[in-house]
Each structure stands twice: as C-alpha cells, then as structure tokens.
Amino acid sequence: VQLQASGGGLVQPGGSLRLSCEASGVMFRIYDMGWYRQAPGKQRELVAHATNGGITNYADSVKGRFTISRDNAKNTVHLQMMSLKPEDTAVYYCSARITTPTLTNFWGHGTLVTVSS
C-alpha cells in the first residue's frame, strides 16, 4: 500500500491550497484517513481526520479554515486549506488505516506547505 500526497507549495498569508492523497495497492478496506503536520522544531500533530462513515474532526487551530473530504470511490482524501497563516507552515502528512487484511496504519510522504509573503 502506498499513500501519494500532492498539492503543497508556497502561498501568501490569506491564500488557499488543496492537498490530496491517494491510496493505492492491495487493500481490503480503508477506515480512517487524516492529515497531520509537523513544523520545524515541533512534534507532529493531527490537523484533520475523517472516518469512512463521514465523521470529521479538526484541530482547534484550523477549525473554520480547513475542510477534509474523502472520495471513497477513488481512495482519496483531500484537505482544502483557506485563510492560511504563517503558523500553518509545516510538512503535511496523510495517514490512513487500511486492512490488507491486517489493519495497519500507513503514512504518505510529506508535502511541504509554506505560508509566507
């Protein structure tokens, strides 16, 4: 199983970016999918999470600005980020719990988001 993330880049404060992550490989079922981030010198933190039933939760710091969504037919999770702030600068990682058939937590490679003028 591989998680391929895309969509990072440089954006000015107040701007928007959309991250995408597609799971591929031999999979029985995808359960939770989510996005984490790690800023320089800080621990990795949860940004947003979505169950396969559509329940979502967000870090307080991104509520109202970020939206997580899933396309289960395409094994994809997106993170729409709006009103970006410099403190959103980090490497963003997607994660998914997938049965192969063993239930395993997989991580994608990171994609860098830089918010700067």
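Taking only protein heavy atoms and a 1.4 Å probe, the accessible area of the chain is 50% carbon and sulfur.
Most tightly packed first, judged by the mean number of other beta-carbon atoms within 10 Å of their residues, the peptides 33-39, 80-86 read 33-39, 80-86. Annotation: extensible slack from residue 42 through residue 67 equals 6.7 nm (criterion: 0.36 nm per residue apart, minus Cα-Cα distance). In this structure region 14-117 gives 52 Å² per residue of accessible area when probed at 1.4 Å with all protein chains present. The coefficient of translational diffusion for the chain, derived via Stokes-Einstein from the alpha carbon Kirkwood radius under 4 °C and 1.567 mPa s, stands at 91 µm²/s. The accessible-area ordering, largest first, of the residues 91, 62 stands as 91, 62, per a 1.4 angstrom probe.
For the set 69, 95, solvent exposure ranked by accessible area (probe 1.4 Å, protein chains only) runs largest to smallest as 69, 95. Fully extending the segment from residue 24 to residue 100 would add 26.2 nm, taking 0.36 nm per residue of separation and subtracting the current Cα-Cα distance. Were the residues from residue 85 through residue 10 laid out at 0.36 nm apart, the gain over their Cα-Cα distance would be 25.8 nm.
The values are calculated or read from the model by the stated rules, or taken from the named source; none is laboratory data. These figures come from a predicted structure and were not determined experimentally. So basically every Cβ, Gly included, is an ideal-geometry build from the backbone, and we count neighbours across all protein chains shown. SASA here: full protein model, heavy atoms, side chains in, ligands and nucleic acids out. Shrake-Rupley method; radii C 1.70, N 1.55, O 1.52, S 1.80 Å.
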